[in-house]
Amino acid sequence: GDLAGSFSPKEFVPAKEDYIKVYEAVAKRLEENEDYDDGSYGPVLVRLAWHASGTYDVETKTGGSNGATMRFQPESDHGANAGLKAARDFLEPVKAKFPWITYSDLWTLAGVCAFQQMGGPTIPWRPGRADSDISACTPDGRLPDATKEQKHLRAIFGRMGFNDQEIVALSGAHALGRCHTDRSGFDGPWTHSPTMLTNDFYRLLVDEKWNWRKWNGPAQYEDKSKTLMMLPTDMALVKDKEFKKYVEKYAKDQDAFFKDFSDVICKLFELGVPFKQEERWSFKVVEKPGS
Ligand code: ZEM
């Protein structure tokens, strides 16, 4: 072929140190706005990376983090993605500073950064995602519906290629963040430390008594103190015997949770990506000033 036309010796080829700079730029800004939610953009960045990745379909090999098609309507307007503009907008200045990174690599790397900076395990990551155009947008309905039960969870996560243990491990992300009435309609946080990744989601599922909340919003559970919540899909993890085995395991053993969580998030963020690079990188946590 004729390479002369396409090859430019001046073209910037990013190396690991360049991705480290992107990780650090995200990390340093996570808590820049103390009025945003619980003081960190970490949880909503995690949700962005998950919703970008969780559209994957193993059968047709469509969807997944490759493409970053949530930039476009109709995918940006899918009900499940309500509120994720906050995360996409947060990352725009980072994209402007490092224009060589693709949106799809940036969104997943920001997810890794958010998990790690919020006390989670190291999540190996590698670059290689390319941005697609609007024609690659996925159909609505690929992400889970919180009003449903175990059968739905197995159907939705099975379509991505996950088993029972992986479904339960992924769900531990609900230790982070909260529900917003103006986004999903649900309301409140799952744990008392929504900006720290812990195994508290599982401990609370097992230890607390959960009752239906009496309110005008969608059906959700509340604890006795009425400060914490669970979605119907969260409660399905203890109603179902197979799921519950893993909930109990992770409730007792935070190390086991962290190990499995790192593996399953790495897998989630790589679904459907045609990587050229085999090696995965581990990024170091950026310490907060004064800590
Ligand atoms: Zn969530 N999630 N999720 N989730 N999620 C919400 C918020 C967050 C489900 C779901 O319907 C909802 C996973 C799995 C599932 C996060 C991460 C991950 C909200 C509230 C809902 C309704 C949105 C709002 O109002 O802002 C369902 C049904 C799931 C099936 C099991 C997985 C897997 C996740 C990551 C690996 C996070 C971090 C949030 C909090 C976002 C924020 O802005 O605070």
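Mind checking which residues of region 263-291 are charged (D, E, K, R) and buried (at least 17 other Cβ atoms within 10 Å of the Cβ)? Give the derivation first.
First, the residues of region 263-291 that are charged (D, E, K, R): 263, 267, 270, 276, 278-280, 284, 287-288.
Once the filter is applied, which keeps residues that are charged (D, E, K, R) and buried (at least 17 other Cβ atoms within 10 Å of the Cβ), region 263-291 yields only Glu270.
Among all residue pairs at least 6 apart or on different chains, which show Cβ distances below 9 Å where the first residue, located in region 176-189, is closer than 13 Å to Pro218 by Cβ and in a strand (DSSP E or B) and the second is within 7 Å of the ligand (Cβ to nearest atom) and open to solvent by 60 Å² or more (accessible area, probe 1.4 Å)?
Qualifying pairs under 9 Å: Gly188/Arg178.
Looking at Asp200, Asp234, Asp187, Asp223, which one is at pLDDT 95 or above, of a type outside the set (Lys, Arg) and open to solvent by 40 Å² or more (accessible area, probe 1.4 Å)?
Asp187
Quick check on my filter: what residues within region 24-81 are touching a Lys or Arg at 6+ places or on another chain (Cβ under 8 Å) and of a type in the set (Val, Ile, Thr)?
Selection gives Thr55, Val58.
Could you grab the pairs with beta carbons closer than 7 Å, sequence gap of 6+ or different chains, first residue in region 35-63 and farther than 18 Å from Arg88 by Cα, second one of a type in the set (A, V, I, L, M, F, W, C) and surrounded by fewer than 22 Cβ atoms within 10 Å (Cβ to Cβ)?
Within 7 Å, the pairs are Tyr56/Leu271.
Run Ser171 past the list (1) more than 13 Å from the ligand (Cβ to nearest atom); (2) among the hydroxyl-bearing types (Ser, Thr, Tyr); (3) not in a loop (DSSP other than H, G, I, E, B) and report the number of the one that doesn't hold.
(1)
If you check Thr108, Thr122, Thr147, which single one turns out to be within 14 Å of the ligand (Cβ to nearest atom), assigned to a loop (DSSP other than H, G, I, E, B) and not aromatic (Phe, Trp, Tyr)?
Of the residues listed, the single one that is within 14 Å of the ligand (Cβ to nearest atom), assigned to a loop (DSSP other than H, G, I, E, B) and not aromatic (Phe, Trp, Tyr) is Thr147.
Are there any pairs, at least 6 apart or on different chains, whose C-beta atoms fall under 8 Å, with the first in region 159-171 and in contact (Cβ under 8 Å) with a residue 12 or more places away in the chain and the second of a type in the set (Val, Ile, Thr) and open to solvent by 40 Å² or more (accessible area, probe 1.4 Å), and if so, which?
Correct list of pairs: Arg159/Val58; Met160/Val58; Gly161/Val58.
Being within 16 Å of Leu204 (Cβ to Cβ), part of a helix (DSSP H, G or I) and of a type outside the set (S, T, N, Q) is the filter; apply it to region 245-262 and report the residue that is most open to solvent (accessible area, probe 1.4 Å).
Applying the filter and picking the extreme gives Lys252.
In region 83-133, what count of residues is obtained for those that are surrounded by fewer than 18 Cβ atoms within 10 Å (Cβ to Cβ) and in contact with a His (Cβ under 7 Å, 6 or more places away or on another chain)?
1
Select from region 145-188 the residues that are more than 17 Å from Leu237 (Cβ to Cβ) and of a type in the set (S, T, N, Q) and write down the one among them that is farthest from the chain's Cα centre (by Cα).
By that ranking, first place goes to Thr181.
Just to check your reading of the model, which residue among Tyr246, Tyr250 is touching a Gly at 6+ places or on another chain (Cβ under 8 Å) and of a type in the set (Ser, Thr, Tyr)?
On the way: Tyr246 fails: touching a Gly at 6+ places or on another chain (Cβ under 8 Å).
Only one candidate qualifies: Tyr250.
The values are calculated or read from the model by the stated rules, or taken from the named source; none is laboratory data. Since the structure is predicted, the reported quantities are computational estimates derived from the model, not experimental observations. Neighbour counts are summed over all protein chains in view; Cβ atoms, including those assigned to glycine, are modelled from backbone coordinates with ideal geometry. Surface accessibility is based on the protein's heavy atoms, side chains included, excluding ligands, DNA and RNA. Shrake-Rupley method; radii C 1.70, N 1.55, O 1.52, S 1.80 Å.
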